[in-house]
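Bear in mind that the values in this text are calculations on the coordinates, not laboratory data. Since the model is a prediction, treat every value here as computed from it, not as a measurement. All Cβ positions, glycine included, derive from the backbone under ideal geometry; neighbour counts span all protein chains shown.
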Amino acid sequence: MFKDVHEYLSQLKRELKGSDPALTQDALADAEEHLRTALDNAKKEAPHISETEALDAILEKYGEPNEVASAYKEIEDQISSFLYPPQPSKTRSRLAKFFSIYGDSQAWAAVLYMLFSLVTGILFGLWALFGMPLSLISLIFIIGLPLIGLFLLSLRGIALIEGRIVEALLGIRMPRKPVFVSQGLGPWEKFKSLIKDPDTWKSLAYLILLFPFGWIYFGLSGFALACALSFIFAPVLELIFHLPLELYGTSAFTPIGMLHFVSIGGILLLFLILHMAKFVGRIHGRYAKFMLVRK
């Protein structure tokens, strides 16, 4: 028997110990939303019923914490095996591992994330960078506090979107549902919970830093890809279209005898870019999980 929803959620969190933090956050958000909505409905139908009695009736249908935790783990295993199938463990030489990156979908997805991060970095980063001081300036007006509250709520929504992008392109499990906010709280209580929640400020810091990271990622991947492609297609560009090879602000035609070496160098550079992108994607994914997932 559980006295209230908080006690049930605490037990559910203990049952999910060792699971992915993003899975735990989703399970707790689902459970809290369902239980509190059901409690509100039960109290409307029977105003004199205690929360403990109403909760017991609700849990008969929803399930005990161990049952709910087992169901979430089972569903997560099925989804993970479908989205991220295990890689075959084969003993390969370093040379084979180097060239096999060409067929690695995660590496290509990481390249796409690095290129796309320029857009997300500008949109999300500038919103976080300028939204906070503008919201603080608005305190001189009567609508200042509501604007700050709306801005902090928007950070949660943007962080959820960024998490979905990270999961889709970097293969890192991120939350799929927003943190539940109780409908029974008044505006002032909701505002105080946003201010006191450390995840709010972690999301703000992440989104602000996403602005410079986006430029760095795009600069690394964009410049490297441009060089690799220009090297690979140098024979076509120079011999057919008569376009010189441009590098470091200078342009010159490559000696014919060296064109095939330039093209091979471009292919090797492309493999290096894929390895670099996969490494950066792995590091950024862990960083995003640390900043955007509730512990």
Open item on the list: Using helices alone, I'd like the mean residue ellipticity at 222 nm for the chain: each DSSP H run of four-plus residues gives -39500 (n - 2.57), total over residue count, nearest 500.
Closed with: -25500 deg cm²/dmol
Task: Potential extension, VAL119-LEU134 segment - 0.36 nm per residue separation minus Cα distance - done: 3.2 nm
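What's the FRET efficiency of LEU126 with HIS275 using the Cβ-Cβ distance as r and R₀ = 30 Å, to the nearest 0.05?
Numbers: r = 31 Å, r/R0 = 1.04.
Given R0 = 30 Å and the Cβ-Cβ separation, E is 0.45.
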Task: Ranked list, fewest to most other Cβ atoms within 10 Å of each Cβ, for PHE261, PHE218 - done: PHE261, PHE218
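Give the shape of the chain as rounded, prolate or oblate, defined through the alpha-carbon gyration tensor: a ≥ b ≥ c are the square roots of its eigenvalues, a/c under 1.5 means rounded, and otherwise the shape is prolate if a/b is larger than b/c and oblate if not.
Details: a/c = 4.39, a/b = 1.88, b/c = 2.34.
Here the chain falls in the oblate category.
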- [ ] Please report SER221, SER138, SER93 as a ranked list, fewest other C-beta atoms within 10 angstrom at the top and most at the bottom.
- [x] SER93, SER138, SER221
Task: Net length gained if the chain between GLN11 and PHE98 were fully extended (0.36 nm per residue, minus Cα distance) - done: 26.7 nm
TODO: Round to a whole angstrom and tell me the spacing of the C-alpha centers of region 127-154 and region 162-218.
DONE: 16 Å
Open item on the list: Compute the helix-to-body angle for 105-137: its Cα long axis versus the longest principal axis of the chain, expressed 0 to 90° and rounded to tens.
Closed with: 60 degrees
Task: Segment ASP4-ILE143, extension gain: residue separation times 0.36 nm, minus the distance between their alpha carbons - done: 46.5 nm
- [ ] Just rank ARG92, ARG173, fewest to most, by other beta-carbon atoms within 10 angstrom.
- [x] ARG92, ARG173
- [ ] Take the Cβ-Cβ distance between TRP201 and TRP108 as r, set R0 to 41 Å, and report the resulting FRET efficiency rounded to the nearest 0.05.
- [x] 0.75
